[in-house]
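Worksheet for the structure shown next.
Derivation of every value follows stated rules applied to the coordinates shown; laboratory data play no part. Treat the numbers as computed from the prediction; the structure is a model and nothing was measured. Ideal geometry is used to build each Cβ from the backbone, glycine not excepted, and the neighbour counts take in all protein chains shown.
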Amino acid sequence: MEDVTRWIVKGVDISIICAEYRASIIEKCKARTILNSDEELALSHVFLFQEEKLQGLREFFDNELWQCIFSEIRTQYSYIEIPECVFDLCATVVKVASKQQDPRQRRNKIKSYLKSYKTNGEFEEIMRDILYNLSDSYQNSFVKTNKIEGTHCHNYLDSVIKPFFPEGKKTTMDWANRTSESSAWIKKQFVPILLGSKPDFTIRTTNPRKSIELMFAEIKPPNARSNLVNEDLVVLGKMMRASLDKSLNDGVDIVICGLHVIGYIGRCYVIDLLYDGIYRLILIGEFRFPEDPTTWGTLMNCFQVMATVQDLVNKGATKYQNLIRKNTNQVTPTNLKFRKPMFSSPIKIHYDYS
């Protein structure tokens, strides 16, 4: 009988390989070697799967097995289908923009076209809203002020992200300075006075009695130092893991999403717990945020990835709220027993200087 607690691909036990990778990291800790972001996550049983990355966990697999793993992952987290008319709208607006040499006329032409455009369906409406937002927030290259995180978010990221997650009955969006409830929940299991992390934004369910955080984002503006970018990935992965653990503790098995922004590059992740002790942090899509009308064509790939994340978030919200509102004896998720301890923060080592 097949052991469903193990991750088996083409007859190879991936769970064993992940355990070997983590064991090698523990040896590094014993040698007091500084860990990179992938290794720090793996200490908490969070294993980063990025198909094109050549270091870290990837080094424990041969090419064929690595490709088989991602063939399986792409069937589990495939892109949703977007109607062609959505991409046609984007292409038309890019064409309108490229034909106008005068920046003011360019903006006016775009806004006039979008105001008169009749949308047919949710995705077309989202694309129209994004393009309209971008035309409003556009800054020319001579006055761009995006070195500050808040300014970068306001000028570019808000325009693209908010239309996918409008305030509604299922979800609400919280921007910076709100402490993650799931992060606080898991940290207090280590030290009661610890506070949770504060993501740059969160998508959570709206149920006032019991809610769950479905998506987190960590954002760094252009020219941010690489060490800060790497720290953000660790924070993001741990918050996603904490929310998944809390959801399982509440009796609901869902997928948690994450967005890691480095300047104009966006990377979307999911985390799941399908196998014993293997929290898979999977990169499902990478894209470039559009900066100005000359680069709005990048919005097509961005839209595809974000629409897929929106679908996962909405499904998670529906599943969580339906089970929580039933007020009945819930069935314990089978993967609740798959959870493992998580390191809250790097362990302090005391040196004897005498």
Between Q105 and E51, the FRET efficiency computed from the C-beta separation at R0 = 45 Å comes out, to the nearest 0.05, as 0.55
A chain fully extended from D158 to L35 at 0.36 nm per residue, minus the present Cα-Cα distance, gains in nm 41.0 nm
For the pair W66 and K315, the simple spin-label estimate (label points 7 Å beyond Cα toward Cβ) gives in nm 2.8
Mean Cβ-within-10 Å packing, highest first, puts peptides 290-297, 75-82, 200-207 in the order 200-207, 290-297, 75-82
Per the C-alpha gyration tensor (a ≥ b ≥ c, the square roots of its eigenvalues), the stretch 25-66 is rounded if a/c is under 1.5, else prolate if a/b beats b/c, else oblate; here it's prolate
Taking placed amide H atoms and a strict 5 Å upper bound, the residues 5 or more places from L274 or on another chain that come that close are R280
The set of residues whose placed amide H lies less than 5 Å from the amide H of F201, leaving out same-chain residues fewer than 5 positions away, is A217
For the stretch 244-253, Karplus-derived ³J(HN,Hα) couplings (6.51, -1.76, 1.60; θ = phi - 60°; whole Hz; x for glycine and proline) come out as 5, 4, 5, 4, 5, 5, 7, x, 10, 9
One finds the C-alpha centres of the stretch 205-278 and the stretch 1-64 to be spaced, in Å, by 19
From the cross-link list K315/K340; K118/K198; K109/K315; K118/K170; K53/K220; K115/K162, the entries with a Cα-Cα span beyond 29 Å are K118/K198; K109/K315
Ranking I14, I69, S44 by how far each Cα lies towards the positive end of the charge dipole of the stretch 8-72 (+1 on Lys and Arg Cβ, -1 on Asp and Glu Cβ), the top one is S44
